[in-house]
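Remarks on the structure that follows.
Just so it is clear, none of the values below were taken in a lab; they were calculated from the coordinates. Everything quoted here is computed from the prediction, not taken from an experiment. Every residue, glycine among them, receives a Cβ derived from its backbone with ideal geometry; neighbour counts consider all protein chains shown.
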Amino acid sequence: AYKSRSYIGTKLNTEGLKEVFSFTLPLVLSSIAAIGWVYTDRLVVKHFLGLEQVGILGVGYRFAGLVTLLTSAISMVLSPLIYANSENEETSDKIGKLFSYYVLVGLFLVAGMAAYAPQVFRILAPPAYQSSANLLPLIAAAILIGAACQFFPGLALKMQTRKYMCVQLSGLLL
């Protein structure tokens, strides 16, 4: 909040705005690319397999939304802690330890989904969408892998968000 004081007032701080935009604009474009990732697979599935398969994929994504909720919560807690403690020498080791726990919990989560998804889908999903149960562990694993980037904040901490944007856009193009 204190840093934002220099941006507020009767005189427009163009240098400050340039700094803010040079950091945030690549992040905005990265976010747009990430949204593109979510919908690109549906377009490819529709093109090659048809609308029925898109529906099955969509149901899988709905159930995998629980994983997205979990990763979003982790990100909301982790990001401010990383930025606040980025100068602390122990932070890197602590992030590494947290990442190990993240991977361990993620593996158990995906394994649990693989084991119990068929039973859950039999109860909660209409018969036409039962095959979504086979996709759930794959979608959940993809979400967990995609969200793992929050444990690697180096580019953002070094103000190199353009490189981050290039990585995201490259992934979208692939």
Inset, instruction - State the answer as a single residue: which of SER131, GLY58, ALA111 lies farthest towards the positive end of the charge dipole of the chain, with beta carbon charges of +1 for Lys and Arg and -1 for Asp and Glu, about the Cα centre. - result: GLY58
Legend entry - Simple Cβ-charge dipole of the chain, Lys/Arg +1 and Asp/Glu -1, about Cα centre, in debye nearest 20: 320 debye
Legend entry - Longest exposed-site-free window of the chain, the sites being trypsin sites (Lys or Arg not before Pro) in a DSSP loop that have at most 12 other C-beta atoms within 10 Å: 12-157
Legend entry - Computed over segment 27-172, the ratio Rg/Rh where both radii use C-alpha atoms and Rh is Kirkwood: 1.03
Legend entry - Pairs from LYS97/LYS163; LYS46/LYS163; LYS18/LYS94; LYS46/LYS97; LYS18/LYS97 whose Cα-Cα separation, in the structure shown, is over 29 Å: LYS46/LYS163; LYS18/LYS94; LYS46/LYS97; LYS18/LYS97
Inset, instruction - Be a star and scan segment 60-100 for residues whose amide nitrogen sits under 19 Å from the point 7 Å along the Cα-to-Cβ vector of LEU107. - result: 95-100
Legend entry - Value of [θ]222 nm, deg cm²/dmol, for the chain, DSSP H segments ≥ 4, -39500 (n - 2.57) each, nearest 500: -27500 deg cm²/dmol
Inset, instruction - Would you mind calculating the gained length between CYS149 and LYS97 on full extension (0.36 nm times residue separation, minus the Cα-Cα distance), in nm to one decimal? - result: 17.2 nm
Inset, instruction - Decide, for segment 9-108, between rounded, prolate and oblate: order the square roots of the alpha carbon gyration tensor eigenvalues as a ≥ b ≥ c, take rounded if a/c falls under 1.5, and otherwise choose prolate if a/b is larger than b/c, else oblate. - result: oblate
